[in-house]
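Participant: The structure follows.
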Amino acid sequence: MTVAADTGPATVETIVAESFQEWSKAISTSFVPLLATGPTNSSFQGSAFHGTMRARVLGQISVVEVTAGPHTVQRTPELIARSTGRFFKLSIQLAGSGRLVQDEREAVLHPGDLSIYDTSRPYQLTFDDDFRTLVLMFPHVLLDLPAEAMGHVTALRIPGDEGLGQLISPFLVRLADNLEALSGTNGLRLVHNALDLVTTLFNGELDQLIETGRDPHLLLLGRIHDYIEANLGDPELSPGTIAAAHYISTRHLHDLFQEIGTTVASSIRQRRLERCRRDLRDPVLTDRPVTAIAARWGFTDAAHFSRIFRAAFGNSPTGYRNEAV
């Protein structure tokens, strides 16, 4: 395996695997632990396998262009049990085709098509021929949609030539063609813009599912999520105000969030911290004081904000702003 290390802000890390064994190790290191198997036909020779990954890591987001020969990867329950962290992976097919299976759904992806999958549940990806794809991997919290709701749209094929996919797919394809340009604060801003587009795309898919199925549970969660997002900057946002706005008890609200593995307060805090982190790295907001950014997202106590920001990200807000990406 040959590796070009990231030696500067304009350098993309490149991994070249010269055997299937090297490839299997490389993909588990670059993403999450995976079980890789080669083609089942007798002509396959593991030593003849070819695979290349070109990657940039910006903040918590990995942007990886994958070019390789036919093989299958699986995220098994055993591997999940030994893993920490919960991530989404967005796949954009660039060349060849791929087949994604998760949550009893199957998506066959052709160039330009998109699909999303969750590393905290089993999935399988199969490529029958040479292929090229772009993968964005990011923690659940970075996608402004409830993880439980996203379980209804994993392994759905989003066509790249119609609807919202026709608008969003070209932007993501251009990321793959310009990885070298994704550097510094502007690169981080670009990939967060990409996630904003992805949020819009899957919010539209969820809206369609809710309208079609009229699932009252999903409908309520969606309304609560939208309300929280619209009021993140309000320091008075609380379980009581959220429950009152939706004519439910605070107990019912807490039960809803317990079902998706979090609490109301934790969800609000995480989303506010993430907005602050993004603003601190936004070149457009360089001159805005840290306290103003904190207040913009509902943190009125500067000392408290500094403590929880450091606990979450390992650095003070000012130190984080000054770090090189």
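The values are calculated or read from the model by the stated rules, or taken from the named source; none is laboratory data. Everything quoted here is computed from the prediction, not taken from an experiment. No Cβ is skipped: glycine too gets one built from the backbone with ideal geometry, and neighbour counts run over all protein chains shown. We work out accessible area using only protein heavy atoms, side chains counted, and drop any ligands, DNA or RNA first. Shrake-Rupley method; radii C 1.70, N 1.55, O 1.52, S 1.80 Å.
Participant: Give the residue, chosen from Leu109, Leu143, Leu94, Leu79, that is in contact (Cβ under 8 Å) with a residue 12 or more places away in the chain and more than 22 Å from Ile61 (Cα to Cα).
Facilitator: Leu109
Participant: Ok, one more. Could you look through segment 120-130, keep only residues that are farther than 19 Å from Thr52 by Cβ and modelled with pLDDT under 95, and pick out the one that is surrounded by the fewest Cβ atoms within 10 Å (Cβ to Cβ)?
Facilitator: The residue in question is Arg121.
Participant: Which ones in segment 77-104 are charged (D, E, K, R) and either touching a Cys at 6+ places or on another chain (Cβ under 6 Å) or open to solvent by 60 Å² or more (accessible area, probe 1.4 Å) (or both)?
Facilitator: Passing the criteria: Glu78, Arg82, Arg86, Arg99, Glu104.
Participant: Kindly provide the set of residues from segment 242-262 that are small (Gly, Ala, Ser) and on the phi > 0 side of the Ramachandran plot, ordered by number.
Facilitator: Once the filter is applied, which keeps residues that are small (Gly, Ala, Ser) and on the phi > 0 side of the Ramachandran plot, segment 242-262 yields only Gly261.
Participant: Among the residues of segment 131-143, is there at least one that is of a type in the set (S, T, N, Q) and modelled with pLDDT of 90 or more?
Facilitator: There is at least one residue in segment 131-143 that is of a type in the set (S, T, N, Q) and modelled with pLDDT of 90 or more.
Participant: Let me ask something additional. Please enumerate the residues belonging to segment 262-281 that are charged (D, E, K, R) and either surrounded by fewer than 17 Cβ atoms within 10 Å (Cβ to Cβ) or in contact with a Ser or Thr (Cβ under 7 Å, 6 or more places away or on another chain) (or both). Spell out how you get there, then give the answer.
Facilitator: Taking segment 262-281 and keeping what is charged (D, E, K, R), we get 269, 271-272, 274-275, 277-279, 281.
Arg269, Arg281 - these are the residues of segment 262-281 that are charged (D, E, K, R) and either surrounded by fewer than 17 Cβ atoms within 10 Å (Cβ to Cβ) or in contact with a Ser or Thr (Cβ under 7 Å, 6 or more places away or on another chain) (or both).
Participant: Restricting segment 288-325 to residues that are within 19 Å of Arg189 (Cα to Cα) and of a type in the set (Ser, Thr, Tyr), which is least open to solvent (accessible area, probe 1.4 Å)?
Facilitator: Among those residues, the one meeting the criterion is Tyr320.
Participant: Can I ask one more? Can you pull out every residue in segment 233-248 that is open to solvent by 50 Å² or more (accessible area, probe 1.4 Å), more than 20 Å from Ala294 (Cβ to Cβ) and in contact (Cβ under 8 Å) with a residue 12 or more places away in the chain?
Facilitator: Selection gives nothing.
Participant: How about segment 144-158: which of its residues are over 17 Å from Leu197 (Cα atoms), open to solvent by 30 Å² or more (accessible area, probe 1.4 Å) and modelled with pLDDT of 75 or more?
Facilitator: His152
Participant: Could I ask something else about it? Looking at (1) over 24 Å from the mean Cα position of the chain (by Cα); (2) closer than 21 Å to His192 by Cβ; (3) in a helix (DSSP H, G or I); (4) not hydroxyl-bearing (Ser, Thr, Tyr), which is the one condition that is false for Phe299?
Facilitator: In the conditions (1) over 24 Å from the mean Cα position of the chain (by Cα); (2) closer than 21 Å to His192 by Cβ; (3) in a helix (DSSP H, G or I); (4) not hydroxyl-bearing (Ser, Thr, Tyr), Phe299 misses (3) alone.
Participant: Another question, if that's okay. Being within 26 Å of Thr11 (Cβ to Cβ) and of a type in the set (Ser, Thr, Tyr) is true for just one of Thr154, Thr133. Which residue is that? Before you say what the answer is, go through the steps one by one.
Facilitator: Working: Thr154 fails: within 26 Å of Thr11 (Cβ to Cβ).
Selected residue: Thr133, the only one of Thr154, Thr133 that is within 26 Å of Thr11 (Cβ to Cβ) and of a type in the set (Ser, Thr, Tyr).
Participant: Tell me, which strands (runs of 3 or more DSSP E) wholly within segment 37-129 include 2 or more residues that are aromatic (Phe, Trp, Tyr) and under 25 Å from Ile158 (Cβ atoms)?
Facilitator: It comes to 87-95, 123-127.
Participant: If you scan segment 186-200, which residues turn out to be aliphatic (A, V, I, L, M) and within 12 Å of Asp144 (Cβ to Cβ)?
Facilitator: Within segment 186-200, the first condition is being aliphatic (A, V, I, L, M), and the residues that meet it are 188, 190-191, 194-195, 197-198.
Answer for segment 186-200, where residues must be aliphatic (A, V, I, L, M) and within 12 Å of Asp144 (Cβ to Cβ): Leu195, Leu197, Val198.
Participant: Is there a residue being farther than 19 Å from Gly204 by Cβ, touching a strand residue (DSSP E or B) at 6+ places or on another chain (Cβ under 8 Å) and of a type in the set (A, V, I, L, M, F, W, C) anywhere in segment 103-126?
Facilitator: Scanning segment 103-126, I find at least one residue that is farther than 19 Å from Gly204 by Cβ, touching a strand residue (DSSP E or B) at 6+ places or on another chain (Cβ under 8 Å) and of a type in the set (A, V, I, L, M, F, W, C), so the answer is yes.
Participant: Now for a different question. For segment 210-229, indicate whether the set of residues that are among the charged types (D, E, K, R), touching a helix residue (DSSP H, G or I) at 6+ places or on another chain (Cβ under 8 Å) and at pLDDT 85 or above is non-empty.
Facilitator: Yes, segment 210-229 contains at least one residue that is among the charged types (D, E, K, R), touching a helix residue (DSSP H, G or I) at 6+ places or on another chain (Cβ under 8 Å) and at pLDDT 85 or above.
Participant: Filter segment 42-58 for residues that are surrounded by fewer than 18 Cβ atoms within 10 Å (Cβ to Cβ) and not hydrophobic (A, V, I, L, M, F, W, C); which is modelled with the highest pLDDT?
Facilitator: Among residues in segment 42-58 that are surrounded by fewer than 18 Cβ atoms within 10 Å (Cβ to Cβ) and not hydrophobic (A, V, I, L, M, F, W, C), the one modelled with the highest pLDDT is Thr52.
Participant: Sticking with this structure for a sec: Condition (residue is closer than 30 Å to Ala265 by Cβ and either in contact (Cβ under 8 Å) with a residue 24 or more places away in the chain or part of a helix (DSSP H, G or I) (or both)) applied to segment 169-177: is it met by at least one residue?
Facilitator: No; the residues of segment 169-177 include none that is closer than 30 Å to Ala265 by Cβ and either in contact (Cβ under 8 Å) with a residue 24 or more places away in the chain or part of a helix (DSSP H, G or I) (or both).
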